[in-house]
């Protein structure tokens, strides 16, 4: 198994792509902690993983709160003895135009998508250093590379921040064996895309934007995250893994 003996913390792991990552990690031998504000969904994912023979613990985590990050990381280490992998997966989306964006919406998106990644990375580094290294995977987006007319610029700004933050952290901690990489998905069929998935016209438009002609399943992104979490990617840090069906290649 590709993550045998590893301990992984996944923010936003209650549902969608985070849940797909958690289930895949557990199947590959990792002990998994999922942190989320969605307690019912988190408990359900925890139960599904444990009933399938994996080892998973759900802990409530608001990624915008530094004290909660510190508490969750401490709890993970107390339960499992170390922390090898962090996936900064939690995020929110915002659609519309720049003029639609209120100051409150700007702060909300930046707090979750950018500050949450900073706080998670900061909390994990101390424990990874004790273990002699680790792998941090930050979920950015194709929106951190290119702009779109149907997404509010604050979303692009937040994901662009994740992209360059990843590179800076990777350089600062490379000599300590802590790898930091980013993943840049295109459109994925998750709960966060419910407005698209429940509207045939929006779904058609989304499919037409993708050279492969469809949107992604969460598992297709989760396998890329698994690769970066595993020792198979041991010579990768500060890299961008784009999983977007070819959109940014156009």
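Nothing in this text is a laboratory measurement; each read-out follows from the coordinates by a stated rule. No experiment lies behind these values; they were computed from the predicted model shown. No Cβ is skipped: glycine too gets one built from the backbone with ideal geometry, and neighbour counts run over all protein chains shown.
Can you check what the Kirkwood hydrodynamic radius comes to for region 104-250, Cα pairs only, in Å to one decimal?
Details: mean 1/r = 0.0620 Å⁻¹.
Mean inverse Cα-Cα distance, inverted, gives 16.1 Å.
Considering helices alone, the calculated mean residue ellipticity of the chain at 222 nm is -14000 deg cm²/dmol, with DSSP H runs of length four and up weighted by -39500 (n - 2.57) and normalised per residue.
With kT/(6 pi eta Rh) evaluated at 20 °C and eta = 1.002 mPa s, and Rh the Kirkwood radius from Cα pairs, region 1-134 diffuses with a coefficient of 142 µm²/s according to Stokes-Einstein. Here the peptides 139-149, 97-107, 10-20 are ranked by packing, the mean other Cβ count within 10 Å, and the order with the highest first is 10-20, 139-149, 97-107.
Once you have the Kirkwood Rh of the chain from its Cα pairs, apply Stokes-Einstein at 20 °C and 1.002 mPa s and quote D in µm²/s. Display every interim value, and only then the final one.
Working: Rh = 18.0 Å.
Once the numbers are plugged in, D ends up at 119 µm²/s.
For region 118-158, what number results from the quotient of the Cα radius of gyration and 2.2 N^0.38 Å?
Details: Rg = 14.8 Å, N = 41, 2.2 N^0.38 = 9.0 Å.
Ratio of Rg to 2.2 N^0.38 Å for region 118-158: 1.64.
When the Cα convex hull of region 79-189 is projected onto planes of every orientation, the mean area is 7.7 nm².
At a threshold of 8 angstrom on Cα-Cα distance, excluding pairs fewer than six apart, so keeping six or more, what relative contact order does the chain reach in percent?
Working: 517 pairs, mean separation 47.3, N = 250.
It comes to 19 percent, rounded to a whole number.
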